[in-house]
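J.: I have a structure here, written as structure tokens, and I will follow up with some questions on it.
Since every read-out is calculated from the coordinates, none of them should be taken as a lab result. Predicted model, so just to flag it, every value in this text is computed and none were measured. Note that we place each Cβ from the backbone using ideal geometry, even for glycine, and neighbour counts take in every protein chain shown.
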Amino acid sequence: MNFSISEVVLVPIPFTNLASKKVRPAVVVGLSSHAGDLFVVPVSSQLQNVDLTLRDWKAAGLNVPCGIKAQLATIESNLIVKSIGRLSNRDQVSCRSRLREWLQL
């Protein structure tokens, strides 16, 4: 399955002890030059822990108000459970701006 930048997907995230995992939303923010790998940032409903609050969270396929955490991960696309939505244009612009800040680009 192909995924695109700004797509909101569900991925299994392991707990810190690696004993189990929970399916959580993430936003695809980049496509790796390594076939099948994607760059994603996690989405959280714990708004006190996010760096960017999504304004159009319902349109992105999320059930509750959420935001994006200032973390970047590389995952294999075959780990994605499913796609649930896409960031709105204004949330895409905000996300790109924050990524540039985080990565000091």
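J.: Could you pull out every residue, at least 5 positions away or on a different chain, whose amide H is within less than 5 Å of the one on L52? Hs are placed 1.01 Å off N in the peptide plane, and Pro or chain starts have none.
T.: Residues meeting the amide H criterion: I68.
J.: Related question: Report relative contact order for the chain in percent, whole number only (criteria: Cα-Cα under 8 Å, sequence separation at least 6).
T.: Averaging sequence separation for qualifying contacts and normalising by length gives 29 percent for the chain.
J.: Using unit Cβ charges (K, R positive; D, E negative) and no other charged atoms, how large, in debye to the nearest 20, is the dipole of the chain about its Cα centre?
T.: 240
J.: Have a look at V81, V11, V64 and tell me which one the Gaussian network model of the chain (Cα, springs below 10 Å) gives the largest fluctuation.
T.: Most flexible of the set in this elastic network: V64.
J.: In addition: Which of rounded, prolate, oblate describes the range 38-82, given a ≥ b ≥ c as roots of the alpha-carbon gyration tensor eigenvalues and a/c under 1.5 marking rounded, otherwise prolate only if a/b is larger than b/c?
T.: oblate
J.: Follow-up question, since we're still on this one. 222 nm [θ] for the chain, helices only, -39500 (n - 2.57) per DSSP H run of 4+, per residue, to 500?
T.: Here the helix-only value at 222 nm equals -4500 deg cm²/dmol.
J.: Rounded, prolate or oblate for the chain? Axes are the square roots of the Cα gyration tensor eigenvalues, ordered a ≥ b ≥ c, and the cut-off for rounded is a/c under 1.5.
T.: Note, shape of the chain comes out rounded.
J.: For a quick check, take a GNM of the chain with Cα springs below 10 Å and name the residue from N89, N63, N17 with the largest mean-square fluctuation.
T.: Of N89, N63, N17, the Gaussian network model singles out N17 as fluctuating most.
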